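The values are calculated or read from the model by the stated rules, or taken from the named source; none is laboratory data. Worth saying up front: this structure is predicted, and the values here are computed from it rather than measured. Cβ coordinates were reconstructed from backbone atoms using ideal geometry, including for glycine residues, and neighbour counts include every protein chain displayed. Note: accessible area is taken over every heavy atom of the protein model, side chains too, but ligands, DNA and RNA are not part of it. Shrake-Rupley method; radii C 1.70, N 1.55, O 1.52, S 1.80 Å.
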Amino acid sequence: MKGTRFILLLGCALLLAAAACAGPVVYLDAYGKAVVLDIPQATDVTSALNALAGGPMRTLAAMGLTSAVPRGTTVVDFAVEDNTAIVNFSSRLTAGGLDEAKLQAIYDQVKYTLWYYGIEIDLAIYVNGVPIADFLPPTPAVTPRAEKTGAFVVSAAGLSGRSITLSPGHGWFWNGSGWYTQRPVYCAPLNQEDMHNLQMMRYLEKHLLADGATVQMVRCTNFSQGNHSSGHPWWEMASSYWLQNQGYPCSVYGSSTGCTLGSGSSEVNDDIRARPLASDYNNTNIYISLHTNGLSGDCYGAGCPTGTITYYDCSSEHASWCTVSQNLANAVHDSLINHIRSYYDSGWTNRGKANSNGAYGEIRIPDRAAILIELAFHDTCEKDAAYLRDNWFKSVSMYGIYNGICSYFGTTPAWGFYSSEVVSHTIPSTMTCGETKSVSITMRNRGVLWNSARGYKLGAVGDSDPFTGTTRHLLSSEVEPGGTVTFTFNLTAPSTPGSYTTDWRMVREGVTWFGATCSQTINVSSASQPVEVILDNAQPGFTASANWQTGTMSPDKYGSDYRFRSTQAISDTATWAVNLPSAGSYQVYAWWPQGTNRSLTAPYIVYYNGGTQTVHVNQQINGGRWNSLTTQSMLAGSNQVKLSCWTTTGSVVIADAIRWYKP
């Protein structure tokens with residue numbers, strides 16, 4: 001294991017080889033980061049605990065190292081009983097007082113030191129025979145703001161009616177002199193545990209909400225929320241500041257230092273207690289806290305720690321909730337391990353479930369089933385830390401927790417590991433042969449995160465489609481649970497008329513097709529040809545009374561002749577009646593030979609689907625060509641245009657030819 005580990009030989013080297021007389025003991029640097037030292041006096045477990053209790057020697061203190069165990073503390077006894085390591089310290093351990101942060105530090109130092117000696121079991125720490133948590137300041141009583149949703153009922157109807165507090169650990173806090181994160185950066189470019197805990201738990205929040213659960217987050221999960229007064233984004237802030245912003249009472253967010261946050265002494269204990277106290281205030285059914293582990297500093301090589309451990313609490317303060325907490329730990333932890341091994345790393349280390357025996361306030365305080373998950377080691381750079389940078393690992397893990405929550409409540413997830421639903425599409429229901437259309441399909445992710453690296457695509461069902469030879473379309477970006485993605489592509493209609501189906505579905509290449517299918521039946525018709533119908537006055541379909549005379553003199557006539565009549569206030573029309581072969585939008589034109597005796601306001605009456613339109617034209621100009629009258633929608637079959645003589649007297653109107661044209 002190549003982590004932060006030093007060997008102090010001192011006088012021991014004069015007698016024996018270093019490996020024979022120096023053993024590992026875990027201390028803390030100024031940031032609370034674990035530092036493993038090989039101490040000459042630590043030749044077995046008991047001597048290692050005594051070295052821990054004695055605190056670093058002066059030379060070690062010069063290295064900036066400390067111990068949460070005060071100097072002068074002694075180990076009264078050490079024993080292993082019923083899978084529990086019992087360490088009984090002298091009263092010096094708590095002589096200077098005890099708070100949540102100090103208790104966690106003591107517990108972690110002792111726990112990790114024991115791990116180095118192969119003792120990875122439950123740990124209980126006592127002070128002269130009294131559980132160490134009994135020396136903490138009393139937890140404030142919080143009056144719930146609402147009745148709990150009630151005892152859960154086993155049901156297959158999802159998580160509706162269940163309420164869950166989610167606590168992504170840490171965040172920026174006031175340490176008495178400035179704003180600091182609670183954990184440093186390990187294995188850069190992995191960000192602090194303070195940040196990636198929340199980034200991961202957002203996925204879990206989305207799964208639970210989509211399944212109908214009521215979710216209470218103790219930190220802000222909206223990345224667009226803006227900044228806290230410290231200048232840091234709200235989503236990066238510790239829970240106490242967010243809960244204060246959300247209107248929680250001071251007994252929740254300021255139980256240690258008081259109601260004015262951001263000044264005075266360190267507020268780390270406010271944050272630790274605010275998380276579980278918020279669950280008591282909201283009276284939720286369960287409480288789940290998410291963390292990642294740190295043991296050896298930036299560690300490289302095969303010997304670095306790895307894997308997942310889940311804690312529950314059976315201390316006297318939480319005894320009433322011990323059994324249900326164990327049940328919750330069993331359901332969630334087992335599901336989490338199974339999902340990581342099934343979908344990500346088949347050899348993922350299962351470090352089991354452990355009773356924290358009051359050491360972690362997060363799961364000792366809440367009056368409900370509560371667990372704390374240490375997902376992975378953020379300081380194991382080549383494995384766990386690399387996984388924690390992979391959004392798909394994060395998503396797989398959070399789905400495993402979601403599935404375990406469902407199991408605890410006796411239900412099954414509403415949405416599977418691979419799930420999608422169709423939001424919308426723009427695929428037409430009709431096309432003409434050879435026609436190309438740009439279409440789009442919008443899908444919503446209801447399962448784990450989608451990305452191109454894991455082979456997620458939109459695929460043509462059956463790997464074929466009558467409208468395109470391109471049967472796969474790539475994601476433009478990652479799609480989180482609950483997020484949507486729109487695929488835009490071209491479809492070209494087959495050359496043969498008929499009814500065809502185009503259907504599309506999400507696929508993880510080489511793994512599985514999944515989710516809803518976007519299916520559309522498209523009726524493909526022959527490509528429409530332009531329609532042109534021309535009716536001259538000399539052809540069948542034209543009618544006019546004997547008052548309409550025949551003329552041949554004008555050289556710009558259509559055909560061999562035309563009809564004309566003097567204008568008069570009387571209903572006497574010339575009519576062009578035709579049968580159009582198909583419905584559609586038709587452009588209507590008129591042809592006349594021009595002349596100085598023609599009407600300036602010759603009234604053509606165009607019949608169309610829905611009515612008539614009268615168009616007045618000047619027949620003294622624009623003769624010998626097609627002149628547009630109007631464009632109208634017309635039905636197939638009988639249609640007509642009339643020319644009236646009822647207009648200003650003293651001229652003539654000319655009835656020659658009419659043209660209907662549909663492009």
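For segment 611-663, the ratio of Cα radius of gyration to the globular rule of thumb 2.2 N^0.38 Å stands at 1.29.
Compare the peptides 388-394, 228-234, 80-86 by average per-residue count of other Cβ atoms within 10 angstrom and give them in order, highest first. Present the calculation step by step, with values, prior to reporting the outcome.
Numbers: 388-394: 19.4, 228-234: 15.3, 80-86: 12.7.
Packing proxy ranking, top to bottom: 388-394, 228-234, 80-86.
I'd like the accessible area for residue 495: 1.4 Å probe, protein heavy atoms, all chains in place, Å² to the nearest 10. The accessible area comes out at roughly 100 Å². Computed over Cα pairs, the Kirkwood radius of segment 531-644 leads via Stokes-Einstein (1.306 mPa s, 10 °C) to a diffusion coefficient of 108 µm² per second.
Do you know the relative contact order of segment 577-663, to the nearest whole percent, from alpha carbon pairs under 8 angstrom that are 6+ apart?
Numbers: 198 pairs, mean separation 40.4, N = 87.
It rounds to 46 percent for segment 577-663.
Of all DSSP-defined beta bridges confined to the chain, some 75% are antiparallel rather than parallel. Pairs with C-alpha atoms separated by more than 20 Å, drawn from the list 111/353; 33/111; 111/383; 206/383, are 111/383; 206/383.
Across the accessible surface of segment 262-386, with the other protein chains kept in place and a 1.4 Å probe, carbon and sulfur atoms take up 43 percent. Residue ranges 470-480, 113-123, 624-634, 186-196 sort as 186-196, 113-123, 624-634, 470-480 when ordered by packing (mean number of other C-beta atoms within 10 Å per residue, highest first).
For a quick protection proxy, order the peptides 259-267, 28-36, 556-564 by their average other-Cβ count within 10 Å, most packed first.
556-564, 28-36, 259-267
In summary, the aspartates and glutamates within cross-link reach of residue 557, defined as a Cα separation below 16 angstrom excluding same-chain residues under 8 places away, comprise 536, 656.
Relative contact order (percent) for segment 156-245, with alpha-carbon contacts under 8 angstrom and 6 or more residues of separation?
Details: 133 pairs, mean separation 31.2, N = 90.
Relative contact order, segment 156-245: 35 percent.
Hey, any idea what % of segment 429-470's accessible area is carbon plus sulfur with a 1.4 Å probe?
Numbers: 650 of 1580 Å².
So the carbon and sulfur contribution to the accessible surface is 41 percent.
Based on Cα contacts under 8 Å between residues 6+ apart, the chain shows a relative contact order of 10 percent. In segment 88-137, the portion of solvent-accessible area held by carbon and sulfur atoms comes to 49 percent [1.4 Å probe, whole percent, DNA, RNA and ligands not counted].
Taking a ≥ b ≥ c as the square roots of the eigenvalues of the Cα gyration tensor of segment 22-139, is the shape rounded (a/c under 1.5), prolate (a/b larger than b/c) or oblate? Cα axes put segment 22-139 in the oblate bin.
Counting only helical runs of four or more DSSP H residues, what would the 222 nm mean residue ellipticity of the chain come to if each run contributes -39,500 (n - 2.57) and the total is spread over all its residues? Kindly include the intermediate steps, with their values, before the conclusion.
Details: 12 runs with 127 residues, N = 663.
Calculated at 222 nm, the ellipticity per residue is -5500 deg cm²/dmol.
Computed from backbone phi with θ = phi - 60° and the Karplus coefficients 6.51, -1.76 and 1.60, the 3J(HN,Hα) list for segment 595-610 is x, 6, 8, 7, 6, 7, 9, 5, x, 8, 10, 9, 9, 9, 6, x Hz; x is used for glycine and proline. Taking all protein chains into account, the per residue accessible area for the chain stands at 39 Å² (1.4 Å probe).
Of all alpha-carbon pairs in the chain, indicate the percentage at a distance above 36 angstrom. Kindly include the intermediate steps, with their values, before the conclusion.
Numbers: 124311 of 219453 pairs.
The share of Cα pairs beyond 36 Å in the chain comes to 57 percent.
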